[in-house]
1. Please give the number of the condition T123 fails out of (1) within 25 Å of V293 (Cβ to Cβ); (2) buried (at least 24 other Cβ atoms within 10 Å of the Cβ).
2. If you take the residues in the stretch 296-326 that are more than 16 Å from I396 (Cβ to Cβ) and buried (at least 24 other Cβ atoms within 10 Å of the Cβ), which one is modelled with the lowest pLDDT?
3. Please name all residue pairs, on different chains or six or more residues apart, with Cβ atoms under 6 Å, provided the first residue is in the stretch 211-227 and is more than 18 Å from T312 (Cα to Cα) and the second residue is surrounded by 11 or more Cβ atoms within 10 Å (Cβ to Cβ).
4. Mind telling me which of the residues S347, S343 ends up being under 19 Å from the mean Cα position of the chain (by Cα) and over 23 Å from P269 (Cβ atoms)?
5. Considering each of L236, L244, L273 in turn, give the residue that is in the same structural domain as R171 (by TED's automatic domain parsing), surrounded by 20 or more Cβ atoms within 10 Å (Cβ to Cβ) and either within 30 Å of I397 (Cβ to Cβ) or over 21 Å from the mean Cα position of the chain (by Cα) (or both).
Amino acid sequence: MQLSKNDRWCLVGILAALFFVYPDLFFAKSGALVGDHIEQHYPWAKLLSNSLRHLQFPLWSNLIQCGFPIGAEGQIGVFYLPNIILYFFLPLNWAYSYSSIVHFAVAGIFTYLYARQMRLSCTAALLSSFIFVFGAASGGAYYNMPSLKVFSWFPFMLLFFEAYLTNNKRRNLFLVAVGIAFSLLAGYQQVAVFSLIIFYFYIALRLFLFRQSNEGHGFVFLRIAMILVATVGAFLITSPQIYLMFKLSMMSNRVGLTESYTYIGSMSPFAVLTFLFPAIQYVFKANCLYIGVLPLVFVLFSGIDRNSRKTTLFRLWICITTVSFLIALGKWGFIYPALIKTSHFYSFRFPSKFVVFCVFGLSILSGLGYQQLFEAKPIDDSKTNRSVARACLAAIILIVILFSGYLAANSILTFGQPAVFNAGQWFVEHYIYGKIGHPHSLAKYFNDLITVIQFTQNSISPVRCWNLWAFVMILSGLYFLLWLHRKGANDRHLHLLGICLILLDLYAYSWIDFRLDMDTYQHALKSDPIISTLIAEKQSGALTRLYGMRPYGKTLPLVPSANMLYDIEDIGIYSPLVIGRYHETIGMFGNINDSNFSYSPTPEFVKNKFKILNFLNVSHVMSAFPLKQRELRLIDREVASGIYLYRNTDEHHLGYVISNVRWFDDWNSLKETFMETGFDPSRTLLIEKSEGMKIADKDRDRVLSSLPVRQAGPHVFSGDPELLDSRLPRKSWARPFLSPGKHSGMTESGIPDAIKKQDESIQLIYRADDFEEWEIQINQPAFFVTSEAYDSGWKTWVNGREVPLLKAHGLFRAVWIDSAGVYKIKFRYQPFSID
């Protein structure tokens with residue numbers, strides 16, 4: 001498609017509108033820094049930025065979960081080209097802010113170009129672009145920034161697919177493959193799958209039901225074959241990311257799920273009220289359908305006008321919009337349950353994300369309705385006037401119905417709270433309590449029900465400012481309809497009034513949608529005083545790993561992954577792909593959230609299992625409770641928030657030599673022993689018999705029969721900063737393990753244990769995210785164990801010879817050393833190596 005002068009001005013207008021609505025993003029003064037953004041996306045962006053500056057991909061991070069394959073998680077977007085360009089060339093905050101701008105621009109520009117490709121006028125295409133970028137979809141920023149990145153490529157794929165149908169150029173087919181690949185790499189693979197489902201549904205409709213008269217069967221099947229080639233090419237390009245994520249998913253809690261899990265995040269049918277009252281979207285978990293009052297009128301006109309209904313564009317998008325809406329309903333609809341029951345695939349949730357495609361369809365239909373109303377040359381003025389009258393009547397009826405529903409809901413909550421509470425209790429008992437993803441007690445859900453009812457009542461209150469604004473826009477829309485009915489669509493003043501109302505409406509909406517996720521860097525990154533204490537502890541060498549103790553729902557000044565901003569290791573993690581075994585064991589200490597559930601530990605639980613924290617090399621505990629344990633010394637406290645910071649004075653280390661071994665037939669029995677009160681993982685190694693098969697034949701029988709019990713307990717490493725700095729150059733982003741004083745295995749006299757015990761010692765030579773080197777001296781066969789997460793991507797060498805890596809306690813890394821002596825042990829993360 002050749003761009004005209006008007007097209008170029010419209011594209012400039014899209015960028016100008018973005019600058020007008022989000023000026024702070026352009027000057028990198030603010031970004032998406034609220035909620036998950038500051039706890040996950042921004043810290044991961046910092047890690048990506050630091051790694052790319054050193055010409056490396058961050059495939060593994062020691063900062064969370066005692067080690068985590070963060071590149072496999074997907075949301076960080078390690079292999080996503082726009083991420084690589086932005087975070088390599090720009091400072092962190094500029095790259096993070098411009099990531100939003102770039103994807104808003106991609107969404108807006110390619111929505112405009114797609115609409116033009118489908119023969120909408122410049123103004124109509126621009127209207128569609130504005131609705132998608134600034135309406136309920138927020139250009140794709142549905143829930144979080146990775147969603148924005150994925151959804152923004154949806155119109156890109158549509159544009160070049162249509163261009164390929166038009167001119168049969170392979171360049172367009174290649175760009176379709178690029179769009180598919182970018183969607184898969186952008187950071188939210190589930191949403192990418194949703195996007196591809198709708199994209200292929202569009203292709204099926206376009207080629208089989210709504211193809212042009214000159215597109216015969218040969219044309220159709222050839223195009224399908226070429227699209228399959230493009231898809232295969234895209235999947236080959238993205239195969240490294242898909243491979244890593246699939247492997248991680250198989251170790252996470254995303255396997256073995258039931259059908260009920262897939263219905264989590266179904267959109268409530270009552271969310272249709274957000275067509276007029278967007279401020280109440282948070283009653284429906286941010287599910288919103290708002291596109292503006294007048295654009296809704298244009299959508300109705302596109303369905304009422306006979307000429308509009310005859311177009312391929314209308315037929316395509318009325319089908320896709322309807323199907324997307326029905327899928328978004330999840331368990332409240334019939335399409336999504338049918339898909340789930342047919343496929344038996346239970347790993348995805350939040351079908352409500354299909355709302356974005358519904359909103360995109362509405363934006364296209366609105367542009368079509370606008371064009372037919374204001375710009376099309378009528379064949380019969382009387383028929384056009386009748387269509388206008390019917391559209392006005394339909395819009396008024398819809399507004400009255402939705403407004404009546406709003407008033408009814410407000411009246412019920414105001415005057416019938418007891419009945420609402422009783423109905424809510426029934427709903428909780430039948431649809432929430434005891435269901436997957438809802439692990440809490442019935443009493444807690446009933447208490448939460450009171451809060452939900454009060455929140456809902458406040459949200460839909462007629463005196464709430466945003467609802468008052470909705471009333472203003474509704475009245476303005478009604479005035480517009482009356483004027484339209486009286487003056488007709490040819491009135492220029494009416495045309496100008498409509499454009500101004502739409503822009504004002506969408507601009508105001510941005511303040512209750514995407515802007516709520518924004519904050520200034522100065523405010524969001526303001527350090528808490530207790531964090532300053534932690535930083536001082538780290539600088540002194542006393543801080544090794546942090547444990548955050550908090551009940552579910554309560555926050556701490558530093559939570560995973562915000563700890564990454566300060567280069568502080570935390571045993572906690574927040575990710576949907578937490579290692580399943582880690583969540584089942586260490587997860588019971590809390591602060592480990594798989595986005596479904598996080599445990600709420602008690603002080604008594606922590607006291608009974610404290611030896612596990614020592615094994616994990618936890619040096620500090622940040623707690624929402626006062627803890628009374630002899631091992632913990634209070635070093636800071638925030639009185640107002642009730643947060644306590646403790647230093648662990650007990651012995652704790654990163655590496656151990658263990659010769660007392662217990663073998664287990666399966667993980668479940670091993671897990672029970674590991675979580676027994678008083679169990680010390682540093683003194684007894686629990687290992688599955690299947691791991692014993694990795695050991696060389698000559699040692700296997702001896703090892704499986706168990707080694708003799710050692711009375712002396714574990715041996716620990718000693719850290720010598722001088723030695724560490726002299727062995728290998730340390731990069732600024734690497735975190736060599738330096739723990740002087742008592743916490744590094746030194747005696748009170750400052751003499752390392754390795755010097756006092758000439759025949760046995762453990763010394764960490766170098767430590768980075770993807771590489772470790774140790775030197776140990778032992779006097780008999782034993783296992784060398786580190787309290788760092790196991791992953792099959794880690795390769796191990798002992799004195800230059802590659803050896804198998806074993807699962808210590810089913811979770812961590814272990815190496816079998818078959819005889820006494822001095823050994824250099826190296827670990828390197830190589831997830832793509834072939835055994």
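The values are calculated or read from the model by the stated rules, or taken from the named source; none is laboratory data. Just so you know, these numbers come straight off a predicted model, no measurement behind them. Note that each Cβ is placed from the backbone with ideal geometry, even for glycine, and that neighbours are counted across all protein chains shown.
1. Of everything listed in (1) within 25 Å of V293 (Cβ to Cβ); (2) buried (at least 24 other Cβ atoms within 10 Å of the Cβ), T123 misses just condition (2).
2. Residues of the stretch 296-326 that are more than 16 Å from I396 (Cβ to Cβ), as a first pass: 302, 305-326.
Filter once more, so that each one left must be buried (at least 24 other Cβ atoms within 10 Å of the Cβ): 302, 305, 317, 324.
On the way: S302: 90, D305: 86, W317: 97, S324: 96.
Residue satisfying both the conditions and the ranking: D305.
3. Final answer for the pair search is M226/L173.
4. Working: S343 fails: under 19 Å from the mean Cα position of the chain (by Cα).
None of the others qualify; the one that does is S347.
5. Details: L236 fails: surrounded by 20 or more Cβ atoms within 10 Å (Cβ to Cβ); L244 fails: either within 30 Å of I397 (Cβ to Cβ) or over 21 Å from the mean Cα position of the chain (by Cα) (or both).
Criteria check complete, one pass: L273.
Rundown of residues vs (1) assigned to a helix (DSSP H, G or I); (2) under 18 Å from the mean Cα position of the chain (by Cα), yes/no style:
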| site | (1), (2) |
| --- | --- |
| L543 | no, no |
| Y547 | no, no |
| P551 | no, no |
| R581 | yes, no |
| S598 | no, yes |
| K607 | yes, no |
| N614 | yes, no |
| V621 | no, no |
| F625 | no, no |
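This table checks each residue for (1) at pLDDT 90 or above; (2) part of a helix (DSSP H, G or I).
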position	(1), (2)
I203	yes, yes
R206	yes, yes
R211	no, no
F219	no, yes
M226	yes, yes
A230	yes, yes
I242	yes, yes
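Okay, residues lined up against (1) assigned by TED's automatic domain parsing to the domain that holds I280; (2) farther than 30 Å from R306 by Cα; (3) without any contact (Cβ under 8 Å) to a residue 24 or more places away in the chain:
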position	(1), (2), (3)
N410	yes, yes, no
G416	yes, yes, yes
H430	yes, yes, yes
P439	yes, yes, no
N458	yes, yes, yes
A470	yes, yes, no
S476	yes, no, no
W483	yes, no, yes
